[in-house]
1. Please determine, in degrees from 0 to 90 and to the nearest 10, the orientation of helix 455-464 with respect to the longest principal axis defined by the Cα atoms of the chain, where the helix direction is its Cα long axis.
2. Met431 to Phe795: extension gain in nm, 0.36 nm per residue of separation minus the Cα-Cα distance?
3. Could you sort His75, His120 by their accessible area in this structure, using a 1.4 Å probe and putting the largest first?
4. Find the percent of Cα-Cα distances in region 349-493 that exceed 21 Å, and round it to a whole number.
5. Provide, in order from the shortest bin, the percent of all Cα-Cα pairs of region 709-804 in each 10 Å bin, continuing until the bin that contains the maximum pair distance.
6. For Asp630 and Asn136, compute 0.36 nm times the residue count separating them, minus their Cα-Cα distance, and round to one decimal in nm.
7. Two decimals is fine: what is log10 I(q)/I(0) at q = 0.17, 0.20, 0.21, 0.23 Å⁻¹ for region 535-624, from a Debye sum with one equal scatterer on every Cα and no solvent?
8. Protein chains only, probe 1.4 Å: how do Lys201, Lys193 rank by accessible area, largest first?
Amino acid sequence: MKAIIMAGGEGSRLRPLTCRRPKPLVPVANRPVMEYCLDLLREQGFTEIGVTLQYLPALIQEYFGDGSDFGVHLHYFVETTPLGTAGSVKNASPFLDQTFVVVSGDALTDFDLRQAVSFHLERGALATLVLTQVENPLEYGVVITEADGKIKAFLEKPSWGEVFSDRVNTGIYILEPEVLDLIPTDRPFDFSKDLFPLLLKEGKPLFGITLEGYWCDIGNIAQYWQAHQDILSGKVRVRIVGEDRGNGLVAGEGVEIHPTAEIKGPVLLGGFCRIGPGARVGPYTVLGPYCRVGEGAAAERAILWDGVTMGPGSRAEGGILLSRVSVEEGARILEGAVVGEACRVLARAEVRPQVKVWPEKCVGQDTVLRESLIWGQGTGRPLFTGSAAPGFLGGDFTPSQAARLGAAFGATFKPGAAVGLGPFKGPAGDMLAKAVAAGLMSTGVKVVEMGRLPMPVFRFAVGALELDGACHLKEDAEVRGKVWLHLMTNKGADLPPGEVRKVENLFWREDVRQVEGEEIVEGTYQPGLVEAYLDYLLGTLDTDRISRRRMRVALGCQEGSAELASRLLSRAGCEAIRLDFPPSHTWGEIRRDLPFFAREIGRYGAELGAVVDKNAERLLLLDVHGFPIDEVRQIALLTRIYLEETSGKTLALPTVAPRAAEMVAAQIGGRIRRVKNHPGLVHQAVLEEDGPGRYSQFSLQFDALAALAYLIDWLARHDLSLAEAVAGLPLLYRSTRLVPCPWQAKGKVMRSLVGEEDGHPVQLLDGIQVSYPQGWALVLPDEEQPLYRVYSEAFSQEAAEELAAFYEKRLQELIRRGGQAGEP
């Protein structure tokens, strides 16, 4: 049989490792990663091998030649323009005249591919995907199969709510030549995104086999570092070049180790390394050929490429030093830092954790480098939750982080585009907004400063000003010190997932567009937006009816929304009684103090009470007696208000919203469209369904002040009290639970939970929703925290609690068993 190695990847997420060499030539344990791939194929009988190339192809051809030095025969196929993964293999079609294997030149594995080939032939498959189990499937393509291996669904880089399996696509395929006929030649075409979904749609024999063994997709710095640890610890069966000297030390020829030096394995030393007096190396350290570790220097859990020099007393503690790096006396390279080829780190300098230094840079003497040169990657944690980047003041949300986020977002627009910007109140908000503005302006976009606006006013203004996009900074209503940077479309809606991914890729790739001089566009300031918002909102209300009703409303707000809410209600014709909560209160503390607020409703003779958070995004209603309206009834009431006043009769809601909305919609001839819980998707669906009528669906759901105004208007026009309006709603009860779950167990737990569901209707739109005669339950992995959220609804509180407790217990059992179904 023949094989194809896909070796055209640029490896942008591995920069600066790939600044000067293609990804397949990046050394892993002192050998190019593609060499391990050739070893695997040769040992399993594949000697006729095609190699697809695109990025720096000459370097790969020069190193591997015709393959004779590696015991194989290589054929090269070079793309002049990117063709996609499947397109690159199509480019080699003259070579592929029989069943063949496709592997990635930048993955490390010891799979027995012969098992996959036998499985493929036995099943009569057109294509077979080699699968493996991983702890965190979010960055991979999840594959769901039948019991016989037939593939029934793909999920490309899913959210936690879509992780219904922990089996992922490894990028290793067994294919028949006939599949090449389905690959077009006039555009890029991928295996996972295009070809395999096409085969699935057409009902072609498409199978997956899960192989035992080691597999690592070396796609980023963390995976690169992990591959070295796994090789040194023996987790993967590969050939290590060097002599085993015992005690975990493998050394190449010509290695010199001073008698007073300390080597603590596992350690790999390349040929002709010199370890000086009193130096320490290891454990889990790799030194490339010709490295020099000076007197008293130390390299621990570090990776050094060839020709690195470490001066006396210097330290490499978990860092990665590329070829010909010079680290002078007393300098330190800390955990996760990467220093590019031919860089100099001068005496007593310190390169802080996760900092990256591009090739041929110099870190000055006594300098503490906290950011990368020239750009910088920072931490590797998930950057976005939904469509917003969270962080903590005085912690990970620094001005430099804000500037880089602004630059990454700005790079998605054409130069000259107008992008709105708004800070939260206070000097910290102004500081971060200025940093974001600097990043935006560095890419050539025009920054439109909109002032300190509550979130709904800002969203309205983005659309009213016809901006191309916007950034809004806000303080978290729940957690002190936590802030969010929201990225928005030209409609003021949160970005959809695909656009968020573009920004994130630009942020991590660190190659955003930079302009200078006359290309930098001067920013502007737009005043009068609060008045425009109030005029718009009041124009949708029957203020005459409201005035005649003379409704008295107890208003519980915080600084940020209190003044605006009071002005809105007063101009609408209500008597607003301000009972402000302290500015420092979190939403949880406000709810805790709700009984005190409820008593004031009666004392002031108010018809209803309304509590609004400082960002004007959350609304809590209380009736004339001070009884809070629970979430189920509040959603049901707002559903009724919107559908009765709209000709479109469709309301878009996230999957976690109460099912009482469907019951209300059915009563008045409306429809509920359920959407995945990603804010960008919900916003997009709401805008699509926002039909002609008195009220805006977008404002109703994402603007607490508008929702309150619409409610008051509707009550006045129907001559109802809040209590009377709620009394006619369906009676449903809800219970919620939080179940802690380690990140690495989420995929297995989700797969097991899906597999155990039998006999009850199941929906897998987002998370797992199971219907029962007495109600329903939704199990949803949290995007930001290591936990599951359980929601249940039923026709009695007792039944809702029982359902929630049932799934809480099931999750706890699965987590305890490591995600495996069955008896403990």
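The values are calculated or read from the model by the stated rules, or taken from the named source; none is laboratory data. Keep in mind that what you see is a predicted model, and the values were worked out from it rather than measured. Ideal geometry is used to build each Cβ from the backbone, glycine not excepted, and the neighbour counts take in all protein chains shown. Remember, those area values only see protein heavy atoms, side chains included, never the ligands or the DNA or RNA. Shrake-Rupley method; radii C 1.70, N 1.55, O 1.52, S 1.80 Å.
1. Its long axis makes an angle of about 90 degrees.
2. Numbers: separation 364, 0.36 × 364 = 131.04 nm, distance 5.02 nm.
Length gained between Met431 and Phe795: 126.0 nm.
3. Working: His75 50, His120 0 Å².
Accessible-area ranking of His75, His120, largest first: His75, His120.
4. When all Cα pairs of region 349-493 are counted, 45 percent exceed 21 Å.
5. Spelled out per bin, shortest first, that is 14, 33, 25, 18, 9, 1.
6. Roughly 174.3 nm would be gained on extension.
7. Calculated log10 I(q)/I(0) at the listed q: -0.69, -0.92, -1.00, -1.16.
8. My answer, sorted largest first, is Lys201, Lys193.
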